[in-house]
Amino acid sequence: MMRELTNKIVFVGGKGGVGKSTTSAAIAWEAALMGHNTLLVSTDPAHNLGDIFNQKIGGKITHLSRNLSALEIDPEIETANYIKGIKENIKGVVHSGMISEVHRQLDTAKMSPGADEAALFDKLISIILEELSNFDTIIFDTAPTGHTIRLLSLPELMGVWIEGLLEKRKKTNENYTQLLNDGEPIEDPIYDVLKERQERFAKAREILLDPSKTSFVFVLNPERLPISETNKAIQLLDKYHLHVKSLIVNKVLPDDAEGDFIIKRREHEKQYINLIEKTFTRQQLIYVPLFANDVTCKQELEEFSIYFQEG
Ligand SMILES: Nc1ncnc2c1ncn2[C@@H]1O[C@H](COP(=O)(O)OP(=O)(O)OP(=O)(O)O)[C@@H](O)[C@H]1O
Ligand SMILES: [Mg+2]
């Protein structure tokens, strides 16, 4: 299989319905066959990995077959856990008279746009930091493009934000220390919580930004909208120093398909293939044909992953 697809971490992104889950499953299956201990992670609320592998997968890492495990993340559950975690963190930090007000605010925050992403991102970071030592390869079947990019840009934004908070916190603490504690440092649990988060983000970011560890692969179809949206996504990721080196062009009409309609359709498709080659000059293009059937079992995954072979 191509090197980009056998990295330690592979993110598979793209517009709705282009074939992300199929591609992720095919990469994972092939990696497992190669002998890599592989974890397939779906962050898609409407996932269908369980169908493909004929086994129920849930919120816990589930063993599917030799060298292959999977995990389905439910954003709603993650958001609830995330808020619960914050509530735990602030126990003992916030004055008890304030707790109910803080909880009320947190419950409102749970509904706000962005809470899902923040929670999901926290979970992704946990998986990266905690499971990377247990697996050779982790494949992420990520949610549609726009969200994914926002998730991936979060560490940088959060890094700056937390740094500011830490600075402020340190100053306040130093003032108090002078005033109250005869210059002896006093413990600051909020500082510790923020510091720990910052360190986790920094560690995850280092891994994500290292092309020898992490690959970003986009799936698209030879159609107008997926091409322009993929291009936008790649440019945005570039800004965050996350470089997409491989594109899977999926559902290309096969050469041997016949009939007037198909021949006409293939002519039409050719202009999009040309556009793809003109637009994505810095990416390796991997073409996968349209199959006569949906890809629903391991046998079909293997037929799919034939196109991932080098040369
Ligand atoms: N090359 C192909 N030939 C035929 N069917 C395909 C091909 N690739 C994917 N499919 C089928 O297309 C459908 C959509 O694929 P898939 O679920 O992988 O897309 P997705 O990008 O994950 O979608 P979503 O955005 O909804 O998560 C599935 O039924 C899948 O079996
Ligand atoms: Mg999917």
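The values are calculated or read from the model by the stated rules, or taken from the named source; none is laboratory data. Not measured: the values here are computed from a predicted model. In this analysis, Cβ positions are derived from the backbone assuming ideal geometry, glycine residues included, and neighbour counts consider all displayed protein chains. Just so you know, the surface numbers come from the protein's heavy atoms only, side chains and all, with ligands and any DNA or RNA stripped out. Shrake-Rupley method; radii C 1.70, N 1.55, O 1.52, S 1.80 Å.
Structure above, values below:
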read-out	value
Members of the range 43-81 found to be in a helix (DSSP H, G or I) and surrounded by fewer than 20 Cβ atoms within 10 Å (Cβ to Cβ), listed by number	Gly50, Asp51, Pro75, Glu76, Ile77, Ala80, Asn81
Near pairs, Cβ below 6 angstrom, 6+ apart or cross-chain, from the range 294-309 (near ligand 1 (Cβ under 8 Å from one of its atoms)) to any residue that is not in a loop (DSSP other than H, G, I, E, B)	Val295/Thr22; Val295/Phe304; Phe304/Ala26
Within the range 12-39, considering residues that are in a helix (DSSP H, G or I) and open to solvent by 10 Å² or more (accessible area, probe 1.4 Å), the one nearest to ligand 2 (Cβ to nearest atom)	Ser21
Selection from the range 269-296 of residues that are modelled with pLDDT under 95, away from ligand 2 (no atom under 16 Å from the Cβ) and within 18 Å of Val18 (Cβ to Cβ)	Asn293
Tally of residues being within 16 Å of the chain's Cα centre (by Cα) and buried (at least 16 other Cβ atoms within 10 Å of the Cβ) across the range 231-244	7
Residue list for the range 234-247, restricted to those being in a strand (DSSP E or B) and touching a Pro at 6+ places or on another chain (Cβ under 8 Å)	Lys245
Pairs with Cβ under 7 Å, 6+ apart, first in the range 8-20 and at positive phi, second within 6 Å of ligand 1 (Cβ to nearest atom)	Gly14/Lys20; Gly19/Asn250; Gly19/Lys251
Subset of the range 194-220 [acidic (Asp, Glu) and open to solvent by 60 Å² or more (accessible area, probe 1.4 Å)]	Glu196, Glu199, Glu206
Among the candidates Asn293, Asn231, Asn250, residue that is of a type in the set (S, T, N, Q) and in a helix (DSSP H, G or I)	Asn231
Only one of Leu179, Leu247 that is over 30 Å from Gly85 (Cβ atoms) and at pLDDT below 85	Leu179
Residues satisfying the stated conditions in the range 254-273, i.e. out of contact with any Pro (no Cβ under 7 Å at 6 or more places or on another chain), under 26 Å from Asn231 (Cβ atoms) and open to solvent by less than 90 Å² (accessible area, probe 1.4 Å)	Arg266, His268
Selection status of Glu258, part of a helix (DSSP H, G or I) and on the phi < 0 side of the Ramachandran plot	no
